[in-house]
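Undergrad: Below is a structure I'd like to ask you about.
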Amino acid sequence: MTKLRKIKDVFFKWLFFAATAFGMLSLVVLVVDILYQGLPRLSWEFITNFPSFNPDKAGIKAAILGSVWVIGLTAPMALFLGVATALYLEEYAKKNWFTRLIQTNISNLAGVPSIIYGILGLALFVRAMKLGPSILAGAFTMALLVLPIVVVAAQEAIRAVPQTLRHGAYALGASKWQTIRGIVLPSAAPGILTGMILSLSRAIGETAPLVVVGAFVFVRFAPTDPLDKFTVLPIQIYSWVSQPKAAFHELAASGIIVLLIVLLLMNATAVLLRNKYQKRF
Amino acid sequence: MSIIETRNLNLYYGQHHALLDINVDIEENSITAFIGPSGCGKSTFLRTLNRMNDMIPNVKITGTVKVAGEDIYQSGVDVEILRKRVGMVFQQPNPFPKSIYDNITFGPKLHGVTNRHELDEIVEKSLKAAALWDEVKDVLKKPAYGLSGGQQQRLCIARALAVNPQILLMDEPTSALDPISTAKIEELLDELKETYTIVIVTHNMQQAARISDKTAFFLNGELVEYDATPVIFQNPSDKRTEDYITGRFG
């Protein structure tokens, strides 16, 4: 009996290790393959050149700038709407069936496939509001896409602020807004910021909704205006992958490296922020 | 003259009748202790005096509470001004996640003090009044969470004093502290009553006997007996008070 138990113990330990190793190994293979293909073409020219039909002259300047523009516009919109919604639900709204309905819907929206947001963006921003396939239309769409994630993250951060701190402020004669402004928001800020960065790193890798909105274009200029046409990093990568020539596939790999670096930096910032402010209460 | 007067004060949590016809007069510059077993309504009553119960849903209050002659439950009363006049210290020390300095200035800033010099003075004065100045004067910019529990509670007292209240409500302020910190705070209260009126809820009967001028005994939402502290502890007129202070229940 005992022997069998021991064997089972060892068996399961190695089974779970194998499961972990499988995931890690696939990731390593993927990254090594990308680095092998992409590194040779990764150069300063690659970063500063516009796309070209000649793979030796092609670069991702337009895609980088497009991504920066879209994220730069998405971030403030999502942050403001997300934090305001979270504050309303946590601090102001009465807990009744209606707020529960809103809550359930927000959680559900976080799971809606991103292409659905793209279709919404196409109908609402591109067509109805006549923004065309512009940066602004893309940013609006992205803001909607990440909004549920930001709301939920902000709500959790706000809920984590101890009730005793709010009471402390009220007892000094603070109004509701003074309490939120002076105590709740500063205490919740690291959590909100972490959620914000993680949701933006999702947005920066999104392709489908922006393809639907119309970002899939051959952009040979630096966008200077929110109403300009644009492309973003993952779309540029996708467009290179779908070219027949092998040289373009190598360019795609170089683009993936750039995208991965950006994502890693964003996630690292989020982790650093979290660690820095973790033990505050 | 009494600075706090309640008349036929009743409080309901939904269907639960938590306070029954409470009539209490509290004198200025005195320490009044509320004692009684858990759930007797003493903390609930304390929170009616600065309207902290407003934040709990389904609370209904009837009767009157007068602070310095003004009925605080009348419509049109500015709750924020009331709470500035009637400060509160809680059971658990609850400093804000800010520096010691910013903890003290938070209140004055709410009420419009912005002058740097004036704020510096308030910080020094409040910390001295709370007997904490000597321990923290060199670390004012350090986070308040670095202080010990007893220091944090004195910081919370200093924070409450910084808005210049007339009355200080204290809800079991030493129950989370060690005996030495408790002794320090008790000593402090004796000094503070020169300037402020103090109402303290306590679980600790010896504490009530040591520091208070008058004691009120609550049981099941009723005010059983309210009298000078020596009378309550040596010669109570109600059998239930006697049973409680001699430790027969509670």
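Undergrad: How many nm separate the modelled label positions at residue A:92 and residue A:129, each set 7 Å beyond the Cα in the direction of the Cβ?
TA: 2.1
Undergrad: Also, quick follow-up: Residue farthest toward the positive end of the dipole of the stretch A:111-232, with Cβ of Lys/Arg at +1 and Asp/Glu at -1: which of A:189, A:137, A:121?
TA: Most positive-ward Cα: A:189.
Undergrad: Right, something else. Per residue, how much accessible area does the protein assembly as shown have with a 1.4 Å probe, in Å²?
TA: Averaged over the residues of the protein assembly as shown, the accessible area is 49 Å².
Undergrad: Under 29 Å between alpha carbons, and skipping anything fewer than 8 positions from residue B:239 in its own chain: which lysines qualify?
TA: B:42, B:214
Undergrad: How high is the FRET efficiency between residue A:81 and residue A:43 when r is their beta carbon distance and R₀ equals 35 Å, given to the nearest 0.05?
TA: 0.30
Undergrad: In the Gaussian network model of chain A, springs joining C-alpha atoms below 10 Å, which of A:125, A:221, A:16 carries the largest mean-square fluctuation?
TA: Of A:125, A:221, A:16, the most mobile in the Gaussian network model is A:16.
Undergrad: Now, a different point. Mean-square fluctuation check for chain B, GNM, Cα pairs under 10 Å: which of B:65, B:136, B:77 is largest?
TA: B:77
Undergrad: Let me ask something else about it. Using the Cα centre of the stretch A:2-41 as the reference point, and only Cβ charges (+1 on K/R, -1 on D/E), how large is the resulting charge dipole? Debye, rounded to the nearest 20.
TA: 380
Undergrad: For the stretch A:36-105, run through the trypsin sites (Lys or Arg not before Pro) and keep only the ones in DSSP coil with at most 15 other Cβ atoms within 10 Å of their Cβ.
TA: A:57, A:94, A:95
Undergrad: Let me ask you something else. Output the peptides A:102-113, B:158-169 sorted from most to least packed, where packing is the average of other Cβ atoms within 10 Å over each peptide's residues.
TA: My ranking of the peptides, most packed first, is B:158-169, A:102-113.
Undergrad: Does chain A come out rounded, prolate or oblate by the C-alpha gyration tensor, with a ≥ b ≥ c the root eigenvalues, rounded set by a/c under 1.5 and, if not, prolate when a/b is larger than b/c and oblate if not?
TA: In terms of gyration-tensor shape, oblate.
Undergrad: Please compute the length gained on full extension between residue A:30 and residue A:68, using 0.36 nm multiplied by the number of residues separating them and subtracting their Cα-Cα distance.
TA: 11.1 nm
Undergrad: For residue A:57, give me every one of the aspartates and glutamates with a C-alpha distance below 14 angstrom, ignoring sequence neighbours fewer than eight places off in its own chain.
TA: The reachable aspartates and glutamates, counting only those whose Cα sits under 14 Å from residue A:57, are A:45, A:250.
Undergrad: Note down the magnitude of the dipole of the stretch B:176-250 about its Cα centre, charges +1 on Lys and Arg C-beta and -1 on Asp and Glu C-beta and zero elsewhere, to the nearest 20 debye.
TA: For the stretch B:176-250, the charge dipole is close to 180 debye.
Undergrad: Assuming R0 = 60 Å, can you tell me the calculated FRET efficiency for the pair residue A:52 and residue B:16, based on Cβ-Cβ distance, to the nearest 0.05?
TA: 0.20
Undergrad: Go ahead and estimate [θ] at 222 nm for chain B from helices alone: -39,500 (n - 2.57) per DSSP H run with n ≥ 4, summed, over the residue count, rounded to 500.
TA: -10000 deg cm²/dmol
Undergrad: Given 0.36 nm per residue, what is the gain on full extension from residue B:111 to residue B:92 after removing their alpha carbon distance, in nm?
TA: Extending this stretch completely gives an extra 4.4 nm.
Undergrad: So which aspartates and glutamates can residue A:13 reach, going by Cα to Cα under 19 Å and dropping same-chain residues fewer than 8 places off?
TA: Cα-Cα hits under 19 Å: none found.
Undergrad: Probe radius 1.4 Å, ligands and nucleic acids ignored: give me the carbon and sulfur share of the accessible area of the protein assembly as shown as a rounded percent.
TA: 61
Undergrad: Per the helix-only calculation at 222 nm, which mean residue ellipticity applies to chain A, given -39500 (n - 2.57) for every DSSP H run of n ≥ 4 and division by its residues, nearest 500 deg cm²/dmol?
TA: For chain A, the value works out to -23000 deg cm²/dmol.
Undergrad: Using alpha-carbon pairs under 8 Å, 6+ residues apart, how would you state the relative contact order of the stretch A:47-280 in percent?
TA: 28
Undergrad: List the residues, sorted by chain then number, that are 5 or more residues from residue B:34 or on another chain and whose placed amide H is less than 5 Å from its amide H.
TA: For residue B:34, whose amide H was placed from the backbone, the distant partners under 5 Å are B:200, B:201, B:202, B:216.
Undergrad: Output the pairs from B:141/B:193; A:95/B:109; B:84/B:125; A:61/A:245; B:142/B:193 with a Cα-Cα distance over 25 Å in this structure; if there are none, say none.
TA: Table pairs above 25 Å Cα-Cα are B:141/B:193; A:95/B:109; B:142/B:193.
Undergrad: With helices defined as uninterrupted DSSP H runs, which ones in chain B have an alpha carbon span along their own long axis of at least 15 Å and mean Kyte-Doolittle hydropathy of at least -0.5?
TA: Qualifying helices, which must be both long enough and hydrophobic enough, are B:100-110, B:149-161, B:179-192.
Undergrad: Take residue A:102 and residue B:204, extend 7 Å from each Cα along the Cα→Cβ direction, and tell me the distance between the two endpoints in nm.
TA: 4.5
Undergrad: With charges only on Cβ, +1 for K and R and -1 for D and E, what is the dipole size of the stretch A:47-280 about its Cα centre, in debye, rounded to 20?
TA: In total the dipole reaches around 580 debye.
Undergrad: Which of the trypsin sites (Lys or Arg not before Pro) across the stretch A:238-277 are loop residues per DSSP, with 15 or fewer other Cβ within 10 Å?
TA: Qualifying residues, ordered by number: A:245.
Undergrad: Further question: Springs between alpha-carbon pairs under 10 angstrom, Gaussian network model over chain A: which of A:43, A:26, A:52 fluctuates most?
TA: Residue with maximal mean-square fluctuation among A:43, A:26, A:52: A:26.
Undergrad: Using only protein heavy atoms and a 1.4 angstrom probe, determine the accessible area buried between A and B, summed over both sides, in Å² to the nearest 100.
TA: Using a 1.4 Å probe on protein heavy atoms, the buried area is about 1600 Å².
Undergrad: Across peptide B:153-163, what mean number of C-beta atoms from other chains lies inside 10 Å of a residue's C-beta?
TA: 1
Undergrad: Right, something else. Given a Förster radius of 51 Å and the C-beta distance between residue B:235 and residue B:124 as r, what FRET efficiency does 1/(1 + (r/R0)^6) yield to the nearest 0.05?
TA: The computed FRET efficiency comes out at 0.70.
Undergrad: Let me ask something else about it. Find which of A:160, A:268, A:101 sits farthest along the positive direction of the dipole of the stretch A:47-280, computed with +1 on the beta-carbon of Lys and Arg, -1 on that of Asp and Glu, about the Cα centre.
TA: A:160
Undergrad: Let me ask another. Placing +1 on the Cβ of each Lys and Arg and -1 on the Cβ of each Asp and Glu in chain B, which of B:40, B:156, B:219 has its Cα farthest towards the positive end of the resulting dipole?
TA: Value computed over the given set: B:156.
The values are calculated or read from the model by the stated rules, or taken from the named source; none is laboratory data. Just so it is clear, the model here is predicted, and its values are computed rather than measured. Ideal geometry is used to build each Cβ from the backbone, glycine not excepted, and the neighbour counts take in all protein chains shown. Heavy atoms of the whole protein, side chains included, go into the accessibility calculation; ligands, DNA and RNA do not. Shrake-Rupley method; radii C 1.70, N 1.55, O 1.52, S 1.80 Å.
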